[in-house]
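What follows is a single structure, written as structure tokens, with notes after it.
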Amino acid sequence: MQQFTYILGIESSCDDTSASVICDGKVLSNVIANQEVHAKYGGVVPELASRAHQQNIVPVVQQALIQANISKNQLSAIAFTNGPGLMGSLLVGTSFAKSLALGLNIPLIDVNHMQAHILAHFIKNDDAKIPPFPFICLTISGGHTQIVKVTDEFSMEILGETIDDAVGEAFDKSAKILGLPYPGGPFIDKYAQLGNPKAFAFSKPQVADLNFSFSGLKTAILYFLQKEQQKNPHFIDENLNDICASIQFTIIEILMDKLKKAVKQTGIKHIAIAGGVSANSEIRKRLQNAEKYLGWTTYIPKFEYTTDNAAMIAITGYLKYLKNDYAEISTAVKARLKVTE
Ligand code: KG4
Ligand code: ZN
């Protein structure tokens, strides 16, 4: 009889509770419970996030098993996010994973959330292109902005990263200034599609090497809007689409400039993106153009594997399972953890 490997992945590093079952690298289920509670605070409130994880974790795991149409006794191992993230949030998923693995007497696998964003590219969808080694991955999320050289599944090198805000924060903080709801990235993207990206010019930061800086851009946008609103109090309402398009254009230009520099520096033309901001329509378009005009081969994950999700934890767990790389039951969560650790 053929033996299948079923991995349950659990993700609880920030404000989404997620569970996923994969079978030999193919996703059978990927359930995500978003926490609406944070929207009215304009950002994630850690204490509320851990409480919501406590409420969500059991039904989310149950749903993942039901949708995968398997019983918990068929699981081969349990993978969970051990960092980086919010301590209280990580503890909920980790404690649950430990208890279930102990109860079922199956291996426990700790997963680095940053590696998992990148390794989401190894999910075996029918239509997915899997990047060959070595490749460059631009990880862009609400907490991180990094250019990573991936030499093999667990051998990664950070070529550059942000020295202040993450790119997702640049989107979210700009959106907040414009009075848009949290998280604002998708709203800026939506309005930008109706606007002129060259309507307003924001200067790009001068940062050495392959590093990024986004905090100055937010301040530049704030001062620009304050000045314009003094002349016309309705400036934002009357120009929302153009403002969003111009902000988005500037942010994506910054990312593309550094990617081009990374390609020049390494000679690697296989370029992947990962993380929540890779859902952005402009970065997707620009990468598709780079295939045509720069000779790159680009790898853009399916939308549901870009934002925080447990399928990326489960696929990373599967790759570690194949190497018999398990965690001790005494393993501790790590609020800070680099992609290289
Ligand atoms: O990876 P993710 O779900 O969570 C973190 O690990 O941070 O990323 C969330 C970030 C948020 O900042 C959100 O505004 C941004 O991704 N985001 C977008 C878009 N969709 C999500 N930013 C720009 N355009 C989008 N379409
Ligand atoms: Zn993430």
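Relative to the longest principal axis of the Cα atoms of the chain, the long axis of helix 310-322 lies at roughly 50 degrees. Between 0 and 90 degrees, the angle of helix 87-104 with respect to the longest Cα principal axis of the chain falls at about 20 degrees.
Relative contact order, percent, of region 246-341 when contacts are C-alpha pairs under 8 Å separated by at least 6 residues?
On the way: 49 pairs, mean separation 23.8, N = 96.
Dividing the mean separation by the residue count of region 246-341 yields 25 percent.
Scaled to the compact-protein estimate 2.2 N^0.38 Å, what is the alpha-carbon radius of gyration of the chain, rounded to two decimal places? The partial results should precede the final answer.
Working: Rg = 20.5 Å, N = 341, 2.2 N^0.38 = 20.2 Å.
Normalised by 2.2 N^0.38 Å, the Cα Rg of the chain equals 1.02.
Computed from the Cβ-Cβ distance with R0 of 56 Å, the FRET efficiency linking Leu322 to Glu238 stands at 0.50.
Label zone (Asn125, point 7 Å along Cα-to-C-beta; backbone nitrogen cut-off 17 Å) within region 258-280: 271-280. Look at where the Cα atoms of region 124-201 and of region 207-264 average out, and the two centres are 14 Å apart. Starting from a Cα-only point model with no solvent, please compute log10 I(q)/I(0) by Debye for region 131-301 at q = 0.08, 0.12, 0.15 1/Å. Debye curve over Cα of region 131-301, log10 I(q)/I(0) at q = 0.08, 0.12, 0.15 Å⁻¹: -0.24, -0.53, -0.80.
If I take R0 = 51 Å and measure r between the Cβ atoms of Glu341 and Leu194 in this structure, what FRET efficiency does the formula 1/(1 + (r/R0)^6) give, to the nearest 0.05? Walk me through the intermediate numbers first.
On the way: r = 42 Å, r/R0 = 0.83.
After rounding, the FRET efficiency stands at 0.75.
Per residue, region 131-301 exposes 44 Å² of solvent-accessible protein surface, assessed with a 1.4 angstrom probe and all protein chains in place. In plain terms, the chain from Asn289 to Gln67 could stretch by 76.2 nm, reckoned as 0.36 nm per residue minus the Cα-Cα distance. Judged by the mean number of other Cβ atoms found within 10 Å, the most tightly packed of the peptides 322-331, 31-40, 6-15 leads the ranking 6-15, 31-40, 322-331.
With a cut-off of 8 Å between alpha carbons and a minimum separation of six or more residues, what is the relative contact order of region 169-327 in percent? All intermediate terms of the calculation are to be shown ahead of the outcome.
Working: 166 pairs, mean separation 35.5, N = 159.
Value for region 169-327: 22 percent.
In the chain, carbon and sulfur make up what percent of the accessible area (probe 1.4 Å)? Here carbon and sulfur together make up 51 percent of the probe-accessible area. Given R0 = 35 Å, the distance between the Cβ atoms of Lys204 and Thr331 translates into a calculated FRET efficiency of 0.25.
Can you give the charge dipole size of the chain about its Cα centre, rounded to the nearest 20 debye, using +1 on the beta carbon of Lys and Arg and -1 on the beta carbon of Asp and Glu? Don't jump to the answer; show the numbers that get you there.
On the way: 31 positive and 32 negative charges, 100 e Å.
The calculation lands at about 480 debye.
DSSP bridge analysis restricted to the chain gives an antiparallel fraction near 60%, rounded to the nearest 5.
Can you tell me, using C-alpha contacts under 8 Å and at least 6 residues apart, the relative contact order of the chain as a whole percent?
Numbers: 714 pairs, mean separation 85.2, N = 341.
Computed value for the chain: 25 percent relative contact order.
Which of the peptides 57-66, 112-121 is most tightly packed, and how do the rest follow, going by the mean number of other Cβ atoms within 10 Å of each residue? Please report the intermediate quantities before stating the final value.
Details: 57-66: 18.2, 112-121: 26.1.
Result, highest mean Cβ count within 10 Å first: 112-121, 57-66.
Quick one: angle between helix 167-177 and the longest Cα principal axis of the chain, in degrees between 0 and 90, rounded to 10, please. Value to nearest ten degrees: 50.
The values are calculated or read from the model by the stated rules, or taken from the named source; none is laboratory data. Bear in mind the structure is a predicted one, so any value in this text is a computation, not a measurement. Every residue, glycine among them, receives a Cβ derived from its backbone with ideal geometry; neighbour counts consider all protein chains shown. Ligands, DNA and RNA are excluded from the accessible area calculation, which covers all protein heavy atoms including side chains. Shrake-Rupley method; radii C 1.70, N 1.55, O 1.52, S 1.80 Å.
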